[in-house]
Amino acid sequence: LASASDDQTVRVWDAATGEQRAVLEGHQGAVSSVCAVSVGGRELLASGGGDRMVRVWDAATGEQRAVLQGHEGAVSGVCAVSVAGRELLASGGDDRMVRVWDAATGEQRAVLEGHEGAVSGVCAVSVAGRELLASAGDDQDVRIWDPATAQCLLVIPTHHRALAAVQVGGRLALGLAVGVLVIAINPAIRFRREIPDG
């Protein structure tokens, strides 16, 4: 288990015993997100923080493996996403951008533009066997993207700040400023449109 903290660290825990296994230091600001990502067949951790950086770590050794630079504001969300059979890393931040990275090389593969407010969460979402990416924003929208083409396929207005997104049991759970919204994305929906308000 890994946790992110305002104390600028990522901590790794043994979930069975509660024992702290490692403290990963390097961020120069609060760390707001952490996720697992597979790089070269090895499970690593990625973290995003107030220093505008995405950092990739080997939790077993404590080694910082990469620093991914490109965001122009704090990084609020990170997640692994599969593109053409390869696991990449997505990040969202206060610069209103979602960025897709190759964690193995540090290369920025795509910049997904469209949010009109800070992006506070990102998650991989599977729709009809297709791996897509969801982003939650302060602009009260959740956007569904094709990470391979950088196209926004769907905009879902939430009417409240969207703070986080996660897929659970085939549904998309959205943490909003006023509660939680759980939706099912119809696999037959015609993408590239906006769900109307009301």
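FYI, it's all coordinate maths here, none of it is from the lab. Keep in mind it's a predicted model, so treat the numbers as computed, not measured. Note that each Cβ is placed from the backbone with ideal geometry, even for glycine, and that neighbours are counted across all protein chains shown.
Give me the number: length gained by fully extending A128 to A173, i.e. 0.36 nm times residue separation minus the C-alpha to C-alpha distance, one decimal in nm.
Working it through step by step, the gained length comes to 14.5 nm.
Could you please report the charge total around A148, scoring K, R as +1 and D, E as -1 over all other residues with beta-carbon less than 14 angstrom from its beta-carbon?
-1
Sort 112-125, 17-30 for me by packing, meaning the mean count of neighbouring Cβ atoms within 10 Å per residue, highest on top.
Top to bottom by mean Cβ count within 10 Å: 112-125, 17-30.
Could you give the length gained on full extension between S3 and R42, defined as 0.36 nm per residue of separation minus the Cα-Cα distance, in nm?
Gain on extension, S3 to R42, equals 12.1 nm.
Mind sorting out which of [x] 1.17; [y] 2.90; [z] 0.99 is the real Cα Rg over 2.2 N^0.38 Å computed from the coordinates?
[z]
Just grab the label-to-label distance for T105 and A15, each label 7 Å out from Cα along the Cβ direction, in nm (one decimal).
Going from the T105 label point to the A15 one covers 3.3 nm.
Ranked from highest to lowest mean number of other Cβ atoms within 10 Å per residue, what is the order of the peptides 8-15, 143-150?
143-150, 8-15
If I model a spin label as a point 7 Å beyond the Cα along the Cα-Cβ vector, how far apart are those points for E116 and T61 in nm?
Placing both labels 7 Å beyond Cα along the Cβ direction yields 4.7 nm.
Past the 16 angstrom mark, what percentage of all C-alpha to C-alpha distances in the stretch 18-87 do you count?
48 percent
Net charge around L68, counting only other residues with Cβ within less than 14 Å of its Cβ (Lys, Arg = +1; Asp, Glu = -1)?
Local charge sum for L68: 0.
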